[in-house]
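Down below is the structure, laid out as structure tokens.
Just so it is clear, none of the values below were taken in a lab; they were calculated from the coordinates. No experiment lies behind these values; they were computed from the predicted model shown. Cβ: placed from backbone, ideal geometry, glycine included. Neighbour counts: every protein chain shown.
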Amino acid sequence: MAIRQIKNGKAAGPNNIPAEALKSDIKATTNILYLLFKKIWEEGQVPMDWKEGHLVKIPKKGDLSKCEHYRGITLLSIPGKVFNRVLLNRTKDAVDAQLRDQQAGLRKDRSYSRTALTFVLEFLTLILVGSCFEFHMFLK
């Protein structure tokens, strides 16, 4: 599943392995990556090229002689991305179960703005109804 979740047509990272190469024979790739991931898990060491990235400048509109008219992207190892996806898929549900519903940041199908809107609506409802209440809001 993690291999299929990696997007095609993206530039390969430092090891020059594109997503399409891993997807060309999913069964063989899965068997090879399983052995590699098992070794990584047991030894606690990931390959060095998975820790590296190639920084590439992508031009935006405007005067290309100015730095602010570029954005940078980092090309990472595709097998490393698959490994990260496996870890995410296996831990996401357990982590989500430990988080409060109000914790919205960096969670799928949730947003801070929606949480803030819900808070404001509940706050206004309490004011309009005339209830007496106490609230605490912590902002960074």
Inset, instruction - Name the residues whose placed amide hydrogens come within less than 5 Å of the amide hydrogen of Tyr70, ignoring near sequence neighbours (fewer than 5 apart) on the same chain. - result: Lys60
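Taking K and R as +1 and D and E as -1, what net charge do the other residues with C-beta under 14 Å from the C-beta of Val56 add up to?
Numbers: positive: Lys10, Lys57, Lys60, Arg71; negative: Glu52.
For residues surrounding Val56, the net value is +3.
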Inset, instruction - Calculate the length of the line joining the C-alpha centroid of the range 1-30 to that of the range 61-79, in whole Å. - result: 23
Legend entry - Candidates per GluC sites (Glu not before Pro) in the range 1-95, loop by DSSP, up to 15 other Cβ within 10 Å: Glu52
Legend entry - Pairs from Lys27/Lys51; Lys61/Lys92; Lys10/Lys51; Lys66/Lys108; Lys60/Lys92; Lys23/Lys66 whose Cα-Cα separation, in the structure shown, is over 30 Å: Lys61/Lys92; Lys66/Lys108; Lys60/Lys92; Lys23/Lys66
Inset, instruction - Pull out the extension gain between Lys108 and Lys61, defined as 0.36 nm times the separation in residues minus the alpha carbon to alpha carbon distance; nm, one decimal. - result: 13.8 nm
Legend entry - Stretchable slack from Ile32 to Glu68, in nm (0.36 nm times residue separation minus alpha-carbon distance): 8.7 nm
Legend entry - Per residue convex hull volume, Cα atoms of the range 1-44, in Å³: 82
